[in-house]
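The values are calculated or read from the model by the stated rules, or taken from the named source; none is laboratory data. Predicted model only: the values in this text are computed from it and were never measured. Here the Cβ positions follow ideal geometry from the backbone for every residue, glycine too, while neighbour counts run over all protein chains shown.
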Amino acid sequence: MAALEIARHEFMPPGVKATSSDERLAHCLARRDVYDVTVLKANDDLYFVSFLPNLARCGIEPEVMLMDAGAVYAIDGRGRVLNVL
């Protein structure tokens, strides 16, 4: 859970807004409930946390193509972000 919270704070820091020329899309991407989140424990000292948006939760058609809307974080057992993919 600690790895998830660290990655979530890095991915969506409090007070930071998503930007897009489409206001509806920006509002959608700013919602935490829009993202599918996966945590993979590689070993006791390495976790991968991924965030992938599901725009259907906002009523946006799946034909919309987004680049770089999600991320994968590598977090060590001490809570440090090792890499962002």
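General remarks:
- The residue that is modelled with the lowest pLDDT, among those in the range 65-78 that are more than 13 Å from the chain's Cα centre (by Cα) and surrounded by 12 or more Cβ atoms within 10 Å (Cβ to Cβ), is 66.
- Test: residue in the range 27-37 that is of a type in the set (D, E, K, R), touching a helix residue (DSSP H, G or I) at 6+ places or on another chain (Cβ under 9 Å), part of a strand (DSSP E or B) and at pLDDT 95 or above: no
- Pairing each residue of the range 32-53 that is in contact (Cβ under 8 Å) with a residue 40 or more places away in the chain with any residue that is small (Gly, Ala, Ser), provided the two are 6+ apart or on different chains, yields C-beta distances under 6 Å for 47/3; 49/3; 49/7; 51/70; 51/71.
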